[in-house]
Amino acid sequence: PEETVTSSFASFIHAARPEHLSQTVRQRSKRMILDSIGVGLVGSTTRVFDIALSYCRLYSSVAVSSVYGKPGVKLSPTLAAFTNGVATHSMDFDDTWHPATHPSGAVLPALLAASQMLPPNTKPNGLDFLLAFNVGLEVQGRLMHFSTEAHDIPRRFHPPSVVGTLGSAAATAKLLSLSSAQCCHALGIAASLAGAPMANAATQAKPLHVGNATRLGLEAALLAARGMEANPLILDDIPGCSGFSAFYSVYQPKPLPAPGEHHQFLLEKQDIAFKRFPAHLGMHWVVDAALSVRNLFINYAGSFSPSLIRTIMLKIPVSKYINRPFPTSEHQARHSFQFNACAALLDGEVGLGSFSESSIQRQELRELLDKVVVEHPEDNVANFDKMYGEVALLLHTGDVLTGKCDTFYGHWRKPLSKESLLKKFRSNASHVLPEDKIEAIITLVDNLENLSDSSQL
């Protein structure tokens, strides 16, 4: 039969082998796995995680899969994937790719749950696990490249709820060794389970997008393994009949080349952004710009004195859901250019504690927010590869101090060092695990290719 875009994806998932992963891809993906586990562990301390876990414990049959940060608690595989996905995105602390999505949280929890689900004599080894993880990343990345709309900060659908669901299905299908036909159906089933609106950003519902992506992708693969079928042209552009194209106004799909010497994984060409603090990725530009101008201000005045500031000018891209002048909740604060700039100015840093209720409600912070004025320069586009953040302090003396950031530390153009990534992981994991367990996870992930049973992770 004639090859289609959808069949090329299915063939790729089925045919991918560990030897197709370059050393760069292996190393980058292991960094992603370690970081994602860390943010999932610290995310297990949040209110939204507690709500999700409480819901999932209503369905406790076939409880074989572990939950982040809760020793002794196990759920069914799909609910464990859901709960751990919620934990991963509960603080908006998880990794980000370009075009914009959160790739690890949509895939890793499904693979962890599925590894524990399988019978002892069929457990995938660490190399199988690493391959499945990268298949899930590759499918997400390729789907994002089908639309120019996906390159900009999203306005309609939250990307991990769309491409993440299919990435989870692809990764799980690979881990379960499904046939090419079953992989095709898994993608089709996942497309019927995908999609969440951006209007729920900055609310407790947003972490559900990642939780559902990883859970529903796992369910799609399990359904396909049991014989459920779906449209075999789901990724193709069929006039008059929307498949995956329903999620994008501009959609130009291309076949996925077979793995091998002529195929290069996208992770080889496009590294990942790791966040230094738990907030929407756009915040990292304005925080670095604010810290820069804060240092200038201290050199100018001897100390940071808000009373000397008349106006705080933010030059940021147009993006409605992260332009929030006066946030009132932690989730709104994580999605507020204004809050993050002012918190960085006031405290000289942004961290976990910055988003507590007491921090958000501080009078001195509110007084700074009152001084913020926003501009949207035409050259500052809503695109994580091209945008910049600029913070200018207009002083009562008439002087103007300016800080600007076009590439924050942790961006794919300026990746975190190994030391910085390990420091972040240890800090996050320490909220729920003792030191010996933390170091054991670091060692397991670092030697993942040599792990005989991936469920040990």
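Quick look at the values:
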read-out: All positions within region 264-306 that are farther than 20 Å from Ala100 by Cα, open to solvent by 10 Å² or more (accessible area, probe 1.4 Å) and touching an Asp or Glu at 6+ places or on another chain (Cβ under 9 Å); value: Leu291, Tyr300, Pro306
read-out: Contacts under 8 angstrom Cβ, first residue in region 290-305 being assigned by the TED database to the domain that holds Glu390 and within 16 Å of Ala343 (Cα to Cα), partner surrounded by 15 or more Cβ atoms within 10 Å (Cβ to Cβ) and among the basic types (Lys, Arg), 6 or more apart; value: Ser292/Lys404; Phe304/Arg294
read-out: Of all residues making up region 1-48, the number that are within 17 Å of Gly141 (Cα to Cα), part of a loop (DSSP other than H, G, I, E, B) and either β-branched (Val, Ile, Thr) or at pLDDT below 90 (or both); value: 0
read-out: Any hit, region 54-61, residues being open to solvent by 10 Å² or more (accessible area, probe 1.4 Å), out of contact with any Ser or Thr (no Cβ under 9 Å at 6 or more places or on another chain) and not in a loop (DSSP other than H, G, I, E, B); value: yes
read-out: Filter result (of a type in the set (Gly, Ala, Ser) and outside any helix (DSSP H, G or I)) within region 147-192; value: Ser147, Ser177, Ser179, Ser192
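Residue-wise test of (1) among the small types (Gly, Ala, Ser); (2) more than 29 Å from Val25 (Cβ to Cβ); (3) part of a loop (DSSP other than H, G, I, E, B).
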position	(1), (2), (3)
Ala202	yes, yes, yes
Ala213	yes, no, no
Glu219	no, no, no
Ser245	yes, no, no
Ser249	yes, yes, yes
Lys254	no, no, yes
Ala258	yes, no, yes
Leu267	no, no, no
Asp271	no, no, yes
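One line per residue, one yes/no per condition, for (1) modelled with pLDDT under 95; (2) within 29 Å of Ser29 (Cβ to Cβ):
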| site | (1), (2) |
| --- | --- |
| Leu368 | no, no |
| Asn383 | yes, yes |
| Leu393 | no, no |
| His396 | no, no |
| Leu401 | no, no |
| Lys418 | no, yes |
| Glu435 | no, yes |
| Ala440 | no, yes |
| Asp446 | no, yes |
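The values are calculated or read from the model by the stated rules, or taken from the named source; none is laboratory data. The structure displayed is predicted, hence computed values, not measured ones. Every residue, glycine as well, gets a Cβ built from its backbone with ideal geometry; the counts of neighbours run over all protein chains shown. What goes into the accessible areas is simple: the full protein's heavy atoms, side chains included, and nothing from ligands, DNA or RNA. Shrake-Rupley method; radii C 1.70, N 1.55, O 1.52, S 1.80 Å.
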